[in-house]
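Colleague: Next up is a structure, given as structure tokens.
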Amino acid sequence: MPKPKDNKSSQCPPKHVAIIMDGNGRWAKERGKARIQGHRQGARQIEEVIRAARDEGVKYLTLYAFSSENWNRPKAEVDALMSLLASAIKKNAPYFVKNRIRFNTIGYISALPSKCVESIKNLVETTKEYDSGVLTLALNYGSRDEITRAIKKLLIKAKDSEISPEQITWNSLEQMLDTAGMPDPDLLIRTSGEMRLSNYLMLQSAYSELYFTKTYWPDFGRDEFHKAVMEYKCRERRYGLTADQLKK
Ligand code: FPP
């Protein structure tokens, strides 16, 4: 594992880690199990990674749990994922309360089954004042959908004369995204060996450090998370500047 560079800022833990949890199906297939078994093990890993992130000093953790394209999977798999979501929220609610972690979602959640929407809304409401960490689940989320919704909101504001086209900046668009108020991800992890963003936080990850691992999500635990954070600490983030400018 590489050692962190002698650059103070790069030794800070990432404030915000976003994860594309991929490989549940392949994990199950390689073990001769049904895909849902992979998702079940994946849900257990979420619990381990939430705890690991807390221990590493990561304040924001954002997990891609169900994309806007995942509705096209076989109905039985979609239904099983929704049941898993409902039971994972129920099971983990006491942990969020005990550890004062704010629970949040991004994505168009109204399209989820009502039992999920209700438990999500309850947990968001119960934890809204908590400040020791923020766990965000991306549910029925896709960047293209998020950006389209954000532009619609801006156009409505323009129509109501609350903003003029000249006043529109990146900052005004950012305020309309589902992630408004959250810092951009410092580190974006994708498991399972695939190397693409799959419509996840496309605008927010403009300057994120990307980390790809071949490990399937159901095997991605505390040690793997630590390895990703160590790798992040070795990166030099330049934001368009030269390395010499950064040294000054
Ligand atoms: C990708 O693996 C994973 C998902 C589509 C969903 C992520 C879900 C979990 C981690 C389980 C917990 C679920 C909720 C909703 C809390 P894949 O099925 O695409 O794997 P594959 O590429 O190997 O087929």
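The values are calculated or read from the model by the stated rules, or taken from the named source; none is laboratory data. These figures come from a predicted structure and were not determined experimentally. In this analysis, Cβ positions are derived from the backbone assuming ideal geometry, glycine residues included, and neighbour counts consider all displayed protein chains. These area figures cover heavy atoms from the full protein model, side chains too; ligands, DNA and RNA do not enter into them. Shrake-Rupley method; radii C 1.70, N 1.55, O 1.52, S 1.80 Å.
Colleague: Ratio to report: Rg/Rh of the stretch 6-76, with Cα atoms as the point set and Rh obtained by the Kirkwood method; give two decimals.
Modeller: In the stretch 6-76, Rg relative to Rh is 1.10.
Colleague: Could you size up the charge dipole of the stretch 112-161 around its Cα centre, putting +1 on the beta carbon of Lys and Arg and -1 on that of Asp and Glu, and report it in debye to the nearest 20?
Modeller: Using Cβ point charges on Lys, Arg, Asp and Glu, the stretch 112-161 gives about 340 debye.
Colleague: Using θ = phi - 60° and the Karplus form 6.51 cos²θ - 1.76 cosθ + 1.60, what ³J(HN,Hα) does each residue of the stretch 187-202 get, whole Hz, x for Gly and Pro?
Modeller: Once θ is set to phi - 60°, the couplings for the stretch 187-202 become 10, 10, 9, 10, 8, 5, x, 6, 10, 8, 8, 6, 6, 10, 6, 4 Hz.
Colleague: For the stretch 15-76, build the charge dipole from Cβ charges (+1 Lys, Arg; -1 Asp, Glu) around the Cα centre, then report which of 64, 53, 27 sits farthest towards its positive end.
Modeller: After comparing all options, I get 27.
Colleague: When you count, for each residue, the other Cβ atoms within 10 Å and take the mean per peptide, how do 184-194, 21-31, 221-231 rank with the highest first?
Modeller: Top of the packing list down: 184-194, 21-31, 221-231.
Colleague: 5 Å is the cut-off here: which amide hydrogens, built 1.01 Å from N in the peptide plane, fall below it relative to residue 138, excluding neighbours closer than 5 in sequence?
Modeller: Here the answer is 63, 64, 65, 66, 106, since their amide H atoms fall under 5 Å of that of residue 138.
Colleague: Lysine pairs, Cα distance under 25 Å, 8 or more residues apart or cross-chain: how many in the stretch 17-115?
Modeller: So the count works out to 13.
Colleague: Can you give the calculated 222 nm mean residue ellipticity of the chain, where each DSSP H run of n ≥ 4 adds -39,500 (n - 2.57) and the sum is split over every residue, rounded to the nearest 500 deg cm²/dmol?
Modeller: Rounded to the nearest 500, it is -14000 deg cm²/dmol.
Colleague: Now for a separate question. Charges at C-beta only: +1 for Lys and Arg, -1 for Asp and Glu. How large is the resulting dipole of the chain about its Cα centre, in Debye rounded to 20?
Modeller: In debye, rounded to 20, the chain gives about 520.
Colleague: If you split all Cα-Cα distances of the stretch 139-248 into 10 Å bins from zero, what percentages do you get per bin, shortest first?
Modeller: Calculated over all Cα pairs of the stretch 139-248, the distribution is 12, 32, 30, 18, 7, 0 percent.
Colleague: Once whole DSSP H runs in the chain are found, which of them have Cα atoms spread over 27 Å or more along the helix axis and a mean Kyte-Doolittle score of at least 1.6?
Modeller: Going by DSSP H runs, there are no hits.
Colleague: Share of the stretch 102-207's accessible area from carbon and sulfur, percent, 1.4 Å?
Modeller: Whole-percent figure for carbon plus sulfur exposure: 53.
Colleague: In µm²/s, what is D for the stretch 126-189 at 4 °C and 1.567 mPa s, where D = kT/(6 pi eta Rh) by Stokes-Einstein and Rh is the Kirkwood radius from Cα pairs?
Modeller: Taking Rh from Cα pairs, D becomes 94 µm²/s.
Colleague: Grab the other residues whose beta carbon is less than 15 angstrom from that of residue 202, score K and R as +1, D and E as -1, and report the net.
Modeller: -2
Colleague: Once the mean 1/r over all distinct Cα pairs of the chain is inverted, what Kirkwood radius in angstroms do you read off?
Modeller: The Cα-based Kirkwood calculation yields 19.3 Å.
Colleague: Considering the chain as a Gaussian network with a 10 Å cut-off on Cα pairs, which listed residue, 64, 200, 130, attains the greatest mean-square fluctuation?
Modeller: In this elastic network of the chain, the residue with the biggest mean-square fluctuation among 64, 200, 130 is 130.
Colleague: Per 0.36 nm of contour for each residue apart, how much would the distance between residue 227 and residue 155 grow if the chain were fully extended, relative to their Cα-Cα spacing?
Modeller: Full-extension gain reported as 21.6 nm.
Colleague: What is the distance in Å between the Cα centroid of the stretch 78-129 and that of the stretch 213-228?
Modeller: 24 Å
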